[in-house]
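Written below as structure tokens is the structure these notes are about.
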Amino acid sequence: MESFLPLIELILPDFIIENYLLTHVEKSDERYHVYLEEKNYEEADPRRSDLLSKGYFPSITLQDFPIRGHKVFLHVKRRRWLNTMTGKVVHRDWNEVAEGTRMTSEFSAFLKVVGGYEG
């Protein structure tokens, strides 16, 4: 997977590259499926001091920009943590999904412009 990383970095939004690990990519005749898992906080990150990793939320699937005529679907697994001080489950604020859609914000904005819906 490491050999594909420079190419994937050109295709995926910076937010994804910074916060997610690419676990694998599947290609069919019409689609690419990109599987991503959210990274844990670094050991030295002060936000991690009161957080205990508690696995992942159920995976979500988002549609992103097509690549060479193939639809692209991102399968994203987001982490969750238990804040040991408050006893509450916490997660990173993730606003990359366009409201009311299952598309990345970037792809949704592009479609609005192409479709003439943005004024």
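When each of 16, 60 is scored by the number of other beta-carbon atoms lying within 10 Å, the sequence from fewest to most is 60, 16. In a shell of Cβ-Cβ distance under 10 Å around residue 71, excluding residue 71 itself, what net charge do Lys and Arg (+1) and Asp and Glu (-1) give? Residues close to residue 71 contribute a combined charge of -1.
Ordered by the count of other Cβ atoms within 10 Å of each Cβ, fewest first, 77, 88 give 88, 77.
In this label model, residue 25 and residue 89 are separated by 3.2 nm, measuring between points 7 Å along each Cα→Cβ vector.
Where a number appears in this text, it was derived from the coordinates with a stated rule and is not lab data. Quantities reported herein were computed from a predicted structural model and do not represent experimental measurements. We place every Cβ from the backbone using ideal geometry, glycine too, and count neighbours over all the protein chains shown.
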